[in-house]
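Since the structure comes first, as structure tokens, the remarks are kept for the end.
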Amino acid sequence: MFYDKKVLLSNEKFLEAARKMYACSPEQSAARLADLAARHAERFGIEGARVFSSPGRIEVCGNHTDHNNGKVTAAAVSVDTLAVVTPLAERKVKICSLGYPYVEVDVDDLKIDPNEEGTSAALIRGVLKGMQERGYAVGGFAATMTSNVCKGAGMSSSASYEVLIAEIVNVLYNGGKAGAVEKAQIAQFAENVYFGKPSGLMDQSAIALGGISYIDFRDTKNPEVRKLDWKFDDVSVVVINCGGDHCDLTPQYAAIRTEMEMIAAHFGKEKLRFVEKADFYAAIPALIGKYKGRAILRAMHFFEENDRVDALVDAIDRGDEATALSLITASGKSSLEKLQNLYAEGDNSEPIPLALAIASEFDGVKAYRVHGGGFAGTILTFIAREKEKAFCDYMAKLYGAESVFPVRIREAGGTEILL
């Protein structure tokens with residue numbers, strides 16, 4: 001059977017996919033898929049089953065700019081939501097996610113249910129509705145899933161799940177016609193409208209596209225997207241969950257967007273992207289006293305961060321590693337000083353600034369910054385590859401091995417793994 005570990009390890013297609021998509025050994029990848037497929041066979045049977053994968057993501061530069069139509073660079077990485085999937089003639093989506101309750105959704109009942117807000121069922125229903133509204137066919141399937149896109153590590157487990165559902169429907173019922181950006185938009189629709197989380201489009205775009213990408217959200221319906229050629233293979237990426245509780249932080253996340261849009265409104269614009277940078281800086285004397293200093297600082301971060309993204313893209317294109325990594329660190333420093341999202345108000349533990357200070361002192365660390373939304377959670381580090389193990393071992397002593405995630409940038413976005 002295709003899901004037997006020995007068979008997978010003799011399958012050149014699987015071995016090639018595993019080498020490209022994962023940071024672990026082929027043996028570990030084969031054991032993971034074999035176990036998942038065996039569980040799927042027990043519940044749904046294995047005839048006609050197919051395998052799909054959707055990565056997690058990291059934000060490389062462009063912290064808190066997407067919600068104001070800004071620019072970002074982000075990358076898909078070598079953790080994923082993995083699914084064994086069987087098409088069903090029955091108009092039901094049946095999903096067994098390991099470690100989570102069984103979920104079943106009627107494909108012909110795609111109304112928004114307020115009682116489902118914040119659940120997997122809401123994401124499934126929202127993706128199906130989003131596909132349908134764009135003229136795509138939808139149908140039933142059974143899936144058994146597992147994920148190592150850890151919640152709380154800022155690698156976007158919900159977006160990985162959404163893009164996975166979109167790609168399953170795209171392949172099974174639409175011949176793969178939907179493009180990466182369109183799948184990202186469908187996933188965002190599901191998260192915003194059905195799940196009830198007002199996220200930007202960055203997470204879903206990075207996951208759907210794969211690799212490292214430049215995304216310009218000036219027009220969110222048609223974002224400018226370009227995949228970049230990350231040539232810096234001597235550098236490893238390590239994400240560290242340094243702790244802190246995200247509970248009750250929603251108002252602080254929301255305040256970033258609100259304050260940026262408050263400054264935009266001063267110029268008669270809805271978003272900062274549509275304010276001229278020169279006009280903003282010329283108006284600072286008039287802004288002081290009328291708006292909170294933090295709001296002005298956050299607007300400064302927005303404009304400077306967009307410029308940094310452009311400079312980073314240029315450095316990557318030129319293969320200038322030193323400049324690229326210095327810009328990533330500069331992004332993090334701006335998040336600390338101007339965006340002010342490295343610790344929550346009144347939280348004296350300051351886990352993110354502390355972790356960054358510790359990482360910056362370690363020999364071989366070439367870039368470091370807050371990862372994702374901030375206030376609590378994770379940092380992103382780039383370290384010389386030969387120093388990766390020593391760095392991970394050191395940080396594991398401080399934060400626990402389960403909180404240290406060495407990853408690789410993965411070229412494939414949400415995709416079927418052809419065996």
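The values are calculated or read from the model by the stated rules, or taken from the named source; none is laboratory data. Since we're looking at a predicted model, the values are computed, not measured. FYI the Cβ positions are ideal-geometry reconstructions off the backbone, even for glycines, and counts take in every protein chain you see. Note: accessible area is taken over every heavy atom of the protein model, side chains too, but ligands, DNA and RNA are not part of it. Shrake-Rupley method; radii C 1.70, N 1.55, O 1.52, S 1.80 Å.
Structure above, values below:
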{"read-out": "Amide H contacts of L228 (H built 1.01 Å from N, under 5 Å, at least 5 apart or other chain)", "value": "I212, S213, Y214"}
{"read-out": "Degrees between helix 250-266 axis and first principal axis of the chain (Cα, 0 to 90, nearest 10)", "value": "50 degrees"}
{"read-out": "DSSP-loop trypsin sites (Lys or Arg not before Pro) across region 30-113, with at most 16 other Cβ within 10 angstrom", "value": "R91, K111"}
{"read-out": "Cβ-placed point charges (K, R +1; D, E -1), dipole of region 292-408 about Cα centre in debye, nearest 20", "value": "160 debye"}
{"read-out": "K292/N348 FRET efficiency (R0 25 Å; Cβ-Cβ; nearest 0.05)", "value": "0.70"}
{"read-out": "Per residue, in Å², the accessible surface of region 188-279 once ligands and nucleic acids are set aside, probe 1.4 Å", "value": "45 Å²"}
{"read-out": "At most 11 other Cβ within 10 Å, DSSP loop - chymotrypsin sites (Phe, Trp or Tyr not before Pro), region 66-147", "value": "Y102"}
{"read-out": "Within the chain, percent of DSSP bridges classed antiparallel, to nearest 5", "value": "90 percent"}
{"read-out": "P(r), alpha carbons of region 211-360 - 5 Å bins starting at zero, rounded %", "value": "2, 8, 14, 17, 18, 17, 14, 8, 2, 0"}
{"read-out": "Region 266-404, accessible surface, carbon-and-sulfur percent (1.4 angstrom probe)", "value": "52 percent"}
{"read-out": "Cut-off under 5 Å, modelled amide H: who pairs with G413 long-range", "value": "G210"}
{"read-out": "Contour excess over end-to-end distance, with Cα ends at D106 and Q132 and 0.36 nm allotted per residue", "value": "8.0 nm"}
{"read-out": "Volume in Å³ per residue [convex hull over Cα atoms, computed for region 261-327]", "value": "89 Å³"}
{"read-out": "Kirkwood hydrodynamic radius of region 71-173, Cα pairs, Å", "value": "14.3 Å"}
{"read-out": "Under Karplus coefficients 6.51, -1.76 and 1.60, residue-wise ³J(HN,Hα) of region 132-148 in Hz, glycine/proline x", "value": "4, 5, 8, x, 8, 6, 10, x, x, 7, 10, 9, 10, 10, 9, 9, 10"}
{"read-out": "Degrees separating the helix 157-174 axis from the principal Cα axis of the chain, which is the longest one", "value": "50 degrees"}
{"read-out": "Rounded to 10°, Cα long-axis angle of helix 26-44 versus longest principal axis of the chain", "value": "60 degrees"}
